[in-house]
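The structure appears below as structure tokens.
Only the coordinates and a few stated rules stand behind these numbers; no lab work does. None of these values were measured; they are calculated from a predicted model. In this analysis, Cβ positions are derived from the backbone assuming ideal geometry, glycine residues included, and neighbour counts consider all displayed protein chains.
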Amino acid sequence: MEGMSVRIERVVSVRIFGSLDQFLRLVNMLRRSRAEVRSMEARFFGREILVMMKVEGKLSDLEWAVRKINSLPEVRNAELVEELRGEVVGSISG
Amino acid sequence: MLFKDRWLRAQLTESFINRLGVKGSHIRGGIVDPTSRSPMNRVSDSLASLLESYGVRSIMGVIGGSIMPLYDALYYRESIEVLMFRHEQGAAHAADAYGRVTGRPGIVLTTSGPGATNIVTGLANAYMDSSPVLAITGQVPTEVFGRDAFQEADILSMVASVTKFVYQVRDPGEAVTAVDLAYRISAAGRPGPTLVDLPRDVQVAEAREPKRIPISLPKSPSPDLERVREACRLLLRAERPVILVGGGVRTSGAHDEVLALAELLKIPVVTTLMGKSSVPSEHPLVMGVAGMHGRPEANAALANADLVIAVGTRFSDRTVGRFEGISRKVVVHIDLDPSELGKNVKASIQILGDAKESLRMMISLLSRIEVIRDERYLSWLKGIRREFERSLEEWAKSFKGVVPWLALKTLRKVMPADSITVTGVGSHQMWTELHWDVLVPGTFITSAGLGTMGFGIPASLGAKVASRDRRVLCIDGDGSFQMTFNNLALVREYDLPFVEVVFDNRALMLVKHWQRFLYGGRVIATEFKRPPNLEMIAQAYDIEYSRPESYEELASRVEWAVRNDEPLIVDLLIDSESDIVLPWVQPGKWLTEAVLPPRMEVSLEWRG
């Protein structure tokens, strides 16, 4: 298990009900967290939004950001995953 | 309401009503009958009906073009009193206080544009202090969105980060569902402000079957029994445990459980500023508020504890000073909001759950165990308290003019135990934090997290609306007073008397304090060179005024106001050069490094 102070990269998967209004709230939350967003893809399926992003930071900070995102009523589920499930647009290389 | 006035009603003839185009079925004898339901079937009427079904009795706000349809629908709801504030910020603070007193969302209703932007501070304040508020803002019609229409403001994005939930309705079918969701989310779990933005065309659209919005209410998790057991084990092993009580204890109604646990374990209780309202100050185990301007015995208790059981608190920097100091201790953190656990302090045990339920589980596990506690720690803390009180007596002799803590003690003697005390923000607030005794939990309201000057007067109005049979006292500063005193107009208009005591030091004293000690004495923009005449302001609003010359006169005037439930403004002149709030933990320092009052010679470090 990584040390808590080591910076790591993870993927955050978020499912939200709504539109750009609700996506805005997710972005606001992320802006103020210590998770650094390295890449993000958001897909809008009617009124469901699926967001996958690569984030970097200390594990405790990433876990906290996910808990904070989950506190939004419009978020169905947010989780930290170890690896990507599917393509993330603009994946960084190097 | 306008049409309750019999003379005015008598002036309305059927022909006049017909010219308005209002259908006649609700007219009796040629006079508009305000007790009838709206003849229209608009979304606004459905919303008014929804609010009435919740038992809403008061709505605070300022009307404007974009929210007129909803106000029009409320015209027909005699059970709902609409209070016309003089500034929307005041309405938002009043709704905040209403929510804190009743536990139900206070409702604020404003128009678009400046009406909406004027409540941002109030919503941010409610968000920081976890207070239930439902804000409904009017909005320009959907067809002109984004074209910079008159009084258009993108309120959703402005409040997105200071609300628990926000929704802009574009489909009339969603209006009722959105307001219903927002109302319930506001009070569910950890309370907080919500906002629904209603375009004008949505408000006047024909009412229809509500559409579903698939958003659920936050669930209240049950505390994990194993974690509670482990916390109990740690508590029993600790030598100097302390309970740190936050505002979440008040929300949960867990004051009895906190005291029962403290008595069972024979341990001290300290509170945050929000937590001050959670437990009675006079209980022998309650040490008071800890933090930047905390009581020395409370700071000592927290600083020297080997275990902190933190209940319903978010570990504000104002409470703990340096996070490293607290993080070195064994911490058991109980909170309903998972995002608070681990946010500022990494606890040894995190218990996700309601405070009352969690503490009851602990008490049940511990109740059969006889706890033998070395009383020296508690005795030491009580010794610090005695030394603090002694030093205050000495200090009072050299304090020029009105001594803030003596004024507070005088007021406490004449205010009923269940009266609600509200404060503004400033040095008066810190004196109140230190020296005001909360006798009944839930009777102390202050702006803790955002520290909003001007909170006092409108919050006092909101508290009075929420509890008309109780007396309300506002401890205010002249700086805070000047920010929102326009809302004093509501005192006579809606019969909302309260006692407003102004600690009049002619300065933004807390900031001036920092300028004197941390900015080399460079005082700028903190002194009022031409303070206003408070007596004339009182007269303008038909409120009694007093500038007492003695504590006896102060007591007598306030007693009069309390006895008669009359409004009163008390102007206490406080010497600005003496008005330095101590104790004081300077930024970056630890709780034991507090600057103590003059001639208080005691160490806040436990030496065993």
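Roughly what angle does helix B:404-414 make with the longest principal axis of chain B, taking Cα atoms, 0 to 90 degrees, to the nearest 10? Helix B:404-414 sits at roughly 60 degrees to that axis.
Legend: mean number of C-beta atoms from other chains within 10 angstrom of residue C-beta atoms, peptide A:68-78, equals 5. Residues whose amide H comes within less than 5 Å of that of residue B:421, counting only those at least five positions distant or on another chain, are B:444, B:445, B:473 (H built at 1.01 Å from N in the peptide plane). Counting only lysines at least 8 places from residue A:68 when in the same chain, those with an alpha carbon closer than 24 Å to its own are A:54, A:58, B:164, B:219, B:343, B:346, B:356. The residue list B:570, B:89, B:600 was ranked by how far each Cα lies along the charge dipole of chain B toward its positive end, using unit charges on Cβ atoms, and B:600 comes out on top. Helix B:175-187 and the longest principal axis of the Cα set of chain B meet at an angle near 20°.
Relative to the longest principal axis of the Cα atoms of chain B, the long axis of helix B:456-466 makes an angle of roughly 70 degrees.
Across chain B, the mean sequence separation of Cα contacts (distance under 8 Å, 6 or more residues apart), normalised by length, yields a relative contact order of 13 percent. Packing around the peptides B:496-503, B:215-222, B:302-309, taken as the average count of other Cβ atoms within 10 Å per residue, puts them in this order, highest first: B:496-503, B:302-309, B:215-222.
Every helix of 4 or more DSSP H residues in chain B counts as -39500 (n - 2.57), and over all residues that averages to -11000 deg cm²/dmol at 222 nm.
Basic side chains Lys and Arg get +1 at the Cβ, acidic Asp and Glu get -1 at the Cβ, and with that the dipole of the stretch B:336-469 about its Cα centre reaches some 260 debye. For peptide B:330-340, the mean count of partner chain Cβ atoms within 10 Å of a residue's Cβ comes to 2. Peptides B:367-373, A:69-75, B:97-103, B:473-479, ordered by how many other C-beta atoms sit within 10 Å of their residues on average, highest first, read B:473-479, B:97-103, A:69-75, B:367-373.
Evaluating 6.51 cos²θ - 1.76 cosθ + 1.60 at θ = phi - 60° for every residue in the stretch B:122-129, the Karplus couplings come out as x, 5, 4, 4, 5, 5, 5, 9 Hz, glycine and proline recorded as x. The residue list B:509, B:489, B:550 was ranked by how far each Cα lies along the charge dipole of the stretch B:475-557 toward its positive end, using unit charges on Cβ atoms, and B:509 comes out on top.
Dipole magnitude for the stretch B:538-608: computed about the Cα centre from +1 point charges on Lys and Arg Cβ and -1 point charges on Asp and Glu Cβ, it is near 460 debye. The value of relative contact order for the stretch B:137-274, using C-alpha pairs under 8 Å at least six residues apart, is 22 percent. Derived scalar couplings between HN and Hα for the stretch B:525-539 equal 6, 10, 10, 8, 6, 10, x, x, 8, 5, 5, 6, 5, 4, 4 Hz in order, rounded to whole Hz, by the Karplus curve 6.51 cos²θ - 1.76 cosθ + 1.60 (θ = phi - 60°), x for Gly and Pro.
Computed over the stretch B:104-147, relative contact order equals 56 percent, with contacts defined as Cα pairs under 8 Å that lie 6+ residues apart.
Peptide A:58-65 has a mean of 2 when you count, residue by residue, the C-beta atoms of other protein chains within 10 Å of its C-beta.
The residues packed around residue B:501, meaning those with a beta-carbon under 9 Å from its beta-carbon, carry a net charge of -3 if Lys and Arg are +1 and Asp and Glu are -1. Counting charges near residue A:71 (Lys, Arg +1; Asp, Glu -1) among other residues having Cβ under 9 Å from its Cβ returns a value of +3. Each of B:405, B:234, B:528 was placed along the dipole of the protein assembly as shown (beta-carbon charges, centred on the mean Cα), and the one lying farthest toward the positive end is B:234.
Taking amide H as placed 1.01 Å from N in the peptide plane, the amide H of residue B:545 sits under 5 Å from that of B:569, each at least 5 places away or on another chain.
How much of the pair distance distribution for the stretch B:451-549 lies past 24 Å, counting alpha-carbon pairs only, in percent? Tail of the P(r) past 24 Å holds 29 percent of the pairs.
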